[in-house]
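Sharing a structure with you now.
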Amino acid sequence: MADTASDRTTELTHSTLATKALSATLADFKAAAVRISGDAIKTPALPFRQPDRRVFLKAECLQPLGSFKIRAAANALAQAPAAELANGVITASAGNFGQGIAQAAKARGLSVDVYVPDTSAKVKVDALRDMGATVHMVSFADWWQIIMTRQTGTNGFFVHPVAELAVVIGNGTIGLEIAAQVPDVDTVVVPIGGGGMISGIALALRAMGKKVRIIGAEIETSTPLFQAKRAGHPVTVARGATWIDGIGSTGVLDEMWPMLEHLVDEVIVVSHAEAATALRLLARQSHVVAEGAGAVALAAALHPSLAGRTVVPVISGGNIDAATYARILLGEDR
């Protein structure tokens, strides 16, 4: 097997977050798993029949809120200083992380404000309001500015959906489960949003001593990590129209880049036709409802270059607009 990113010794000098995260131990991830056990479930790794490779779907779409984000949100609030939560919680989210924070905050009697981009799936925004969150809908550009600066103008404890140590560690609990469920896994494929999930999974597997190839999956209309890996540093990219929400941005966050550069071995870019085919396969073959990001992960896992491997794509969520889902199931690709 080729050397993995976890075997390389890149010097990390630009990110305190990366420095701390790369120092995380197996005990840190195990403690997080215990900490979130009342909020998140251990999701199954479902066999997915393929003639030229072994594939197991890590079905995070089956989480109580339909997304892996509950892991990170629960871990972040469980570790937040109580005094700083007095004025409530704030986050910026395309929907899934906001739901996770809203659920964790509600369980702790806290108010929550969520800033969402106007590209968010309606089903996710409606769910936030139903959970009692105060929703602030802004343009994608303004939302991305909040992601970069953490500044909202609202008073409260801000939890970043990606660039928080507790978020990364919480996401890493997925890696612990993958290692236990598929002991001979050699490749894990993760859809790329901000990079918090892929970083956490890679770090947890590394802490367990697993030599696993870590592959990011992006959609063709937004490829910030693919372009950053090619350039050797974050670059600004265009973000085109897509039915796939929750992944894709105009660039890799500076805080996340040293970690992603170090941990991610490869990025596979998926076309809309491939993502749509994967969504239909998930429904027909595995009876799994997935959102676009999860379909992108499966589409990348089916790439010809991964033939012969034991691959676990993370089906990150299942919160997809009914109209969009029906349209793709009926044969449209865009």
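Within region 114-164, count every residue that is open to solvent by less than 60 Å² (accessible area, probe 1.4 Å), part of a loop (DSSP other than H, G, I, E, B) and under 23 Å from ALA21 (Cα atoms).
So the answer is 6.
Residues of region 15-38 being open to solvent by less than 40 Å² (accessible area, probe 1.4 Å), of a type outside the set (Gly, Ala, Ser) and not in a helix (DSSP H, G or I), which ones?
Residues satisfying the conditions are LEU22, ILE36.
Quick check: anything in region 185-193 open to solvent by 40 Å² or more (accessible area, probe 1.4 Å) and either among the hydroxyl-bearing types (Ser, Thr, Tyr) or in contact with a strand residue (DSSP E or B) (Cβ under 8 Å, 6 or more places away or on another chain) (or both)? Working first, answer last.
Just the residues of region 185-193 that are open to solvent by 40 Å² or more (accessible area, probe 1.4 Å), to begin with: none.
No - not one qualifying residue is present in region 185-193.
Looking only at region 69-93, how many residues end up being in contact (Cβ under 8 Å) with a residue 40 or more places away in the chain and open to solvent by less than 20 Å² (accessible area, probe 1.4 Å)?
15
Against the conditions (1) out of contact with any helix residue (DSSP H, G or I) (no Cβ under 9 Å at 6 or more places or on another chain); (2) over 14 Å from VAL270 (Cα atoms), where does GLY240 fall short? Just the number, please.
For GLY240, the failing item is (2).
Out of the residues in region 289-309 that are touching a strand residue (DSSP E or B) at 6+ places or on another chain (Cβ under 6 Å) and open to solvent by 10 Å² or more (accessible area, probe 1.4 Å), which is farthest from ASP52 (Cα to Cα)?
ALA299
Scan region 194-213 residue by residue and report those that are open to solvent by 10 Å² or more (accessible area, probe 1.4 Å) and outside any helix (DSSP H, G or I).
Of everything in region 194-213, those that are open to solvent by 10 Å² or more (accessible area, probe 1.4 Å) and outside any helix (DSSP H, G or I) turn out to be GLY194, MET208, GLY209, LYS210, LYS211, ARG213.
The values are calculated or read from the model by the stated rules, or taken from the named source; none is laboratory data. Keep in mind the model is a prediction, meaning the values are calculated, not measured. Cβ atoms come from the backbone with ideal geometry, glycine included; neighbour counts cover every protein chain shown. Note: accessible area is taken over every heavy atom of the protein model, side chains too, but ligands, DNA and RNA are not part of it. Shrake-Rupley method; radii C 1.70, N 1.55, O 1.52, S 1.80 Å.
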